[in-house]
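The values are calculated or read from the model by the stated rules, or taken from the named source; none is laboratory data. No experiment lies behind these values; they were computed from the predicted model shown. Don't worry about glycine lacking a Cβ; one is built from the backbone with ideal geometry, like all the others, and counts go over all protein chains shown.
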Amino acid sequence: MGFRLAQIMAFAIDEINRKPSLLPNVTLGYSIYDSCITLGVTFRATLSLISGREEQFTLHESCVGSPPVLGIVSYYAGCSCLSDLTQFPSFFRTIPSNAFQVRAMLQIMRRFEWTWVGVLFSDDESGRDAALLFQSDLDKSEWVDAGGRVCTGQEDLGTAETRLLDVSDLRADYNAHKAVYALAHALHDMLQCVPGRGPFTGHRCASLQTIEPWQLVYYLEKVNFTTSFGDSVSFDETGDASPIYDVMNWVWLPDGSTKFHNVGVIKKSASREELILDEDRIFWNFDSRKPPRSVCSESCSPGTRVARRKGEPVCCFDCIACSDGEISNETDSTECISCPEDFWSNPQHDQCVPKSREFLSYHEDLGISLTTISLLGTLICAIVMGIFIYHRDTPMVRANNSELSFQLLLSLKLCFLCSLLFIGRPRLWTCQLRHAVFGISFVLCVSCILVKTMVVLAVFKATKPGGAAIMKFFGAMQQRGIVMVLTSIQAIICTAWLVSASPTPYKNTQYHNDKIVYECKVGSTVGFAVLLGYIGLLALLSFVLAFMARNLPDNFNEAKFITFSMLIFCAVWIAFIPAYISSPGKYADVVEVFAILASSFGLLVALFGPKCYIMLLKPERNTKKSIMGRGATKK
């Protein structure tokens, strides 16, 4: 190999000497020393060349000047230590350093997604340097590890088919050829210097007779030429040439022999390193004829994160699924990332998706059912009102205070319809209206019942001696006035609540991590409590008065129906409070709507059911005698 490279050098020098365009009128010579593949001999020969004190050197008669070596351009020294300008300021090479070779191997490993590799290196300065660089770069890379392969000392690489013995691969020879040409071009550029315009102190030029090594280094740094094969040759700031490596594949031939062939190239152009592989030409010595899976642990898929195993190589790890609300959308993610506030992880934990929205909707079965019941209650109220209007001149209607009955039916309509404000996505106006309309509607309803009860008691008192005067306090105007005053108080409570701490729509994320529950915050709990408390007070007062009048003579038996209706009403709303407090999200609205509908139907059926039954099915009992309890027949 050494003799072959020496011949390459001699060939290049002879080629340059015959070129009129390069170093005209200058003839290059050379000295060759045999290193005997011994480090000590190599150093002595190198020092002898540099110092010019070699004993066997004989100048040719035509040579003028001192013979010491002025520059060293290496064709095969890859040690990255030689890139240190503080130690080797005048060292140049046409082979890439081990650092680039290591990066090239790492790129190939990443190309095939290998995380476990074995490293075989020669036990010399260059081999150890490459191995250390390789290990260092592996430590900087993730999930890659190297296993040392320990040689036994019995291996014989000399008998193996290697690149060094393959004449079809002339990369080293080509680098030696470029090294000779690099020195020749540096000398040529130096000789082109115009006196008085040189780059050195006082604009001096260097000459062959007085040249100093640092002067030749100056021109070597600026070398830039193109070989006959079209490759550009120049040196960077560390004296390294533009790096390029052939990627060689060791192929088994049918006759059992082996050979290397080129399957790609890795090179650095400008600031970018580029790996080009022709994978179809690569021979893999496996049954599958495909790249092997050289990994410690299989890659963690999106939706999981890497958890390294303590005490094991960095490429050994477990894949831990991301927690709810966290995702990883890349292979081998080191950590899971949390989803934004309004998003949640999908079942695969590899994507954040908008959280589902929950509220009592018109489109779900529960919302449709409640809407239907609410409209049905409103329709029944309208039908009952129609029946009462049709029979308005009958004793049944006239004896039951028709004006209050119509007001009561109207308020029940409002109670049924106000439940619709609790269905659908909460908006500012629905949140503000729902409790205000609910509170005023029920106060209007209960106020009518209370006044009805008071009129029943007043009529009974009026039949007693000296009791006629009491009726002047319960005329039609007075009845309307009492209802209006009692309802106005609730309106004032609602207004104060809306002004001081108005209910507002709210996105609640506390009930469910993966859902956004839309609800109405009541704003002021005190305001809501006062609104409910006022309705409860009027209902309790109506119940007490009706209960007191339950044993009045039969002609005043409406008090019994009022007692029963108030009992239903109070029972529903007493049960409502703990159910409402313990129900999350939309189910709180469902509980409130159910309480509204249940209490409204209770009042409608208890107060108007018996009357409609008589008017429609028992018209013979719709007479003054029957109403007054005389001549009534029991069936």
Of everything in region 401-431, what is in a loop (DSSP other than H, G, I, E, B) and surrounded by fewer than 19 Cβ atoms within 10 Å (Cβ to Cβ)? Give them in sequence order. GLY424, ARG425, ARG427
Quick check, is ILE211 β-branched (Val, Ile, Thr) and within 30 Å of PHE283 (Cβ to Cβ)? no
Determine, yes or no, whether SER361 is polar (S, T, N, Q), out of contact with any strand residue (DSSP E or B) (no Cβ under 7 Å at 6 or more places or on another chain), surrounded by fewer than 21 Cβ atoms within 10 Å (Cβ to Cβ) and modelled with pLDDT under 90. yes
Can you tell me which residues in region 99-132 are in contact with a Cys (Cβ under 6 Å, 6 or more places away or on another chain), modelled with pLDDT of 80 or more and within 30 Å of TYR219 (Cβ to Cβ)? ASP129
Output the number of the condition that VAL251 fails; it satisfies all remaining conditions of (1) surrounded by fewer than 17 Cβ atoms within 10 Å (Cβ to Cβ); (2) among the β-branched types (Val, Ile, Thr); (3) under 27 Å from LYS19 (Cα atoms). (3)
Looking only at region 507-526, count how many residues are of a type in the set (Phe, Trp, Tyr) and surrounded by fewer than 15 Cβ atoms within 10 Å (Cβ to Cβ). 1
Determine, yes or no, whether PHE359 is closer than 30 Å to SER500 by Cα, among the hydrophobic types (A, V, I, L, M, F, W, C) and not assigned by TED's automatic domain parsing to the domain that holds VAL591. yes
Yes or no: ILE266 part of a loop (DSSP other than H, G, I, E, B), in contact with a Leu (Cβ under 7 Å, 6 or more places away or on another chain), aliphatic (A, V, I, L, M) and surrounded by 15 or more Cβ atoms within 10 Å (Cβ to Cβ)? no
Failed condition for SER333, given (1) at pLDDT below 90; (2) crowded, with 17+ Cβ neighbours inside 10 Å; (3) hydroxyl-bearing (Ser, Thr, Tyr); (4) part of a loop (DSSP other than H, G, I, E, B), with all others met? (1)
Within region 229-257, how many residues turn out to be under 42 Å from the mean Cα position of the chain (by Cα) and hydroxyl-bearing (Ser, Thr, Tyr)? 2
Near pairs, Cβ below 6 angstrom, 6+ apart or cross-chain, from region 540-555 (outside any loop (DSSP other than H, G, I, E, B)) to any residue that is at pLDDT below 80: ALA546/ALA559; ASP554/GLY629; ASN555/MET628; ASN555/GLY629
Which one of the conditions (1) in contact with a Leu (Cβ under 8 Å, 6 or more places away or on another chain); (2) surrounded by 15 or more Cβ atoms within 10 Å (Cβ to Cβ); (3) under 20 Å from LEU28 (Cα atoms); (4) modelled with pLDDT under 90 does ALA184 fail to meet, given that it meets all the rest? (4)
Can you tell me which of (1) within 23 Å of LYS586 (Cα to Cα); (2) aliphatic (A, V, I, L, M); (3) surrounded by 15 or more Cβ atoms within 10 Å (Cβ to Cβ); (4) more than 42 Å from the chain's Cα centre (by Cα) is the one ALA529 doesn't meet? (3)
Residues of region 109-141 being part of a helix (DSSP H, G or I) and in contact with an Asp or Glu (Cβ under 8 Å, 6 or more places away or on another chain), in sequence order, are LEU138
Region 336-347, subset assigned to a loop (DSSP other than H, G, I, E, B) and either free of Cβ contacts under 8 Å to residues at least 24 places away in the same chain or in contact with a His (Cβ under 6 Å, 6 or more places away or on another chain) (or both), residue surrounded by the most Cβ atoms within 10 Å (Cβ to Cβ): CYS339
(1) outside any helix (DSSP H, G or I); (2) free of Cβ contacts under 8 Å to residues at least 40 places away in the same chain: which one isn't true of TYR511, the others all being true? (2)
Apart from one, (1) closer than 18 Å to MET105 by Cβ; (2) buried (at least 17 other Cβ atoms within 10 Å of the Cβ); (3) without any contact (Cβ under 8 Å) to a residue 40 or more places away in the chain all hold for GLU274; the odd one out is (2)
